[in-house]
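We did not get these values from a lab; they are worked out from the coordinates using the rules stated. Computed from a prediction, not measured in an experiment: that's the story for all the values here. Here the Cβ is made from the backbone with ideal geometry for all residues, glycine too, and neighbour counts use every protein chain on show.
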Amino acid sequence: MQGVSRASLASAEERLEALLGAPGVDRVAVADALFAVTGLLDGNVSLRRALTDPSQQGDAKAGLSTRLLEGKVPDGVVDLVAGLARSRWSRARDLADALEELAVISLVASAEAEGRLDRVEDELFRFRRMVAGDDELGNALSDRAATPERKVRLVEQLLAEKVAPETLRLVRQAVQAPRGLNLDTALAGYGQVAARRREQLVAHVVAALPLDEAQRGRLEEALRRAYGKAVHLNVDVDPDVLGGIRVEIGDEVLDGTVVRRLDDARRRLAG
């Protein structure tokens, strides 16, 4: 993916992170919905072209996607896909590719939230090695005469209750909807998404006022130095914090808000 498509994907990833960080969101349901939309576009060339036609207004394309998906997938996914339709794409196929990557990110984020991201990355690699070392298995999973359902049953016989649920879901997706890729290439791509996620922390930031680009950049750099890896910021604005910011990374909370300082002062006085 190059040029304008890469920029559109990066913007979509930002919106996805905000969705995945929302309270109560079902990350697996988001992933399943995004995979379903990917399949819809893969199977409908006319729709894919309509949603990426540069001669059409972005709002018109977003409206089309919303009418198609509303009531069928979670509202957050409807909005996310509408945003993708508003964006510009170098090739019509890039939109479906972006949706698939966002689906994988959602599953990987689910694994991360459950503390098994490293496990998923390792299991994907090990399954690739298993298939590469077993000609019979490799042939069964690549057999074009075999139905996707048959391949999925084989995968479930091999992996069910032996790997993380996210690993099983990703392998099922790779054999069920390879999108023109061989199994090893598809799984390698999924593993790369997991590796990128593992190398990046996600910080939930609450601030009294919106952060401008310079402020975001300074905060990202400060957190990168503190934690030794890239940090993605999900920023919420809450005027009730009365100045300063609160940063949550995993179970750690860095609170520099006026409310927190007042609370600390009250506790010291009460003590």
### Exposed-loop-free span, longest in the chain, where GluC sites (Glu not before Pro) count as exposed if DSSP calls them loop and at most 14 other C-beta atoms lie within 10 Å
1-113
#### Entry: Nearby aspartates and glutamates by direct alpha-carbon distance to Lys229 (threshold 19 angstrom, same-chain neighbours under 8 apart not counted)
Glu13, Glu14, Glu17, Glu112, Asp118, Glu121, Glu199, Glu220, Glu221, Glu248, Asp251, Glu252
### Query
Got the relative contact order for the chain handy, in percent, Cα pairs under 8 Å and 6 or more residues apart?
16 percent
### Message
If amide hydrogens are placed 1.01 Å from N in the peptide plane, which non-local residues have theirs closer than 5 Å to the one on Leu233?
### Response
Ala203
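Within the set of other residues whose C-beta is less than 15 Å from the C-beta of Ala7, count the net charge using Lys and Arg as +1 and Asp and Glu as -1. Display every interim value, and only then the final one.
Working: positive: Arg6, Arg15, Arg86, Arg88, Arg91; negative: Glu13, Glu14, Asp94, Asp97, Glu101.
With Lys, Arg at +1 and Asp, Glu at -1, the net is 0.
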### Task
Evaluate the charge dipole of the chain about its Cα centre and quote only its size in Debye, nearest 20, assuming +1 on the Cβ of each Lys and Arg and -1 on the Cβ of each Asp and Glu.
360 debye
### Task
Decide, for segment 58-187, between rounded, prolate and oblate: order the square roots of the alpha carbon gyration tensor eigenvalues as a ≥ b ≥ c, take rounded if a/c falls under 1.5, and otherwise choose prolate if a/b is larger than b/c, else oblate.
prolate
### For segment 60-72, Karplus couplings with θ = phi - 60° (6.51, -1.76, 1.60), whole Hz, Gly/Pro x
5, 5, 5, x, 4, 5, 5, 4, 6, 9, 4, x, 10
### Query
Given (1) 20.1, 70; (2) 18.1, 61; (3) 21.3, 76 as candidate values of Rg and Dmax of the Cα atoms in Å, which corresponds to the one derived from the coordinates?
(3)
### Summary
For Gly43, the net charge from surrounding residues (Cβ-Cβ under 14 Å; K, R +1; D, E -1) works out to +2
### Estimated FRET transfer efficiency (Tyr227, Asp26; beta-carbon r; R0 25 Å; 0.05)
0.35
### Summary
When the chain is treated as a Gaussian network with springs between alpha carbons less than 10 Å apart, the largest mean-square fluctuation among Leu117, Leu99, Leu141 is found at Leu141
### Task
Evaluate E = 1/(1 + (r/R0)^6) for Ile249 and Ala214, where r is the Cβ-Cβ distance and R0 equals 25 Å; express this FRET efficiency to the nearest 0.05.
0.75
### Task
Evaluate the distance, in nm, between pseudo-label points positioned 7 Å from the Cα of Arg67 and of Ala188 along their respective Cα→Cβ axes.
4.3 nm
#### Entry: Nearby aspartates and glutamates by direct alpha-carbon distance to Lys72 (threshold 16 angstrom, same-chain neighbours under 8 apart not counted)
Asp26, Asp32
### Task
Kindly provide the trypsin sites (Lys or Arg not before Pro) of segment 117-204 that DSSP labels as loop, not H, G, I, E or B, and whose Cβ sees at most 16 other Cβ atoms within 10 Å.
Arg144, Lys162, Arg179
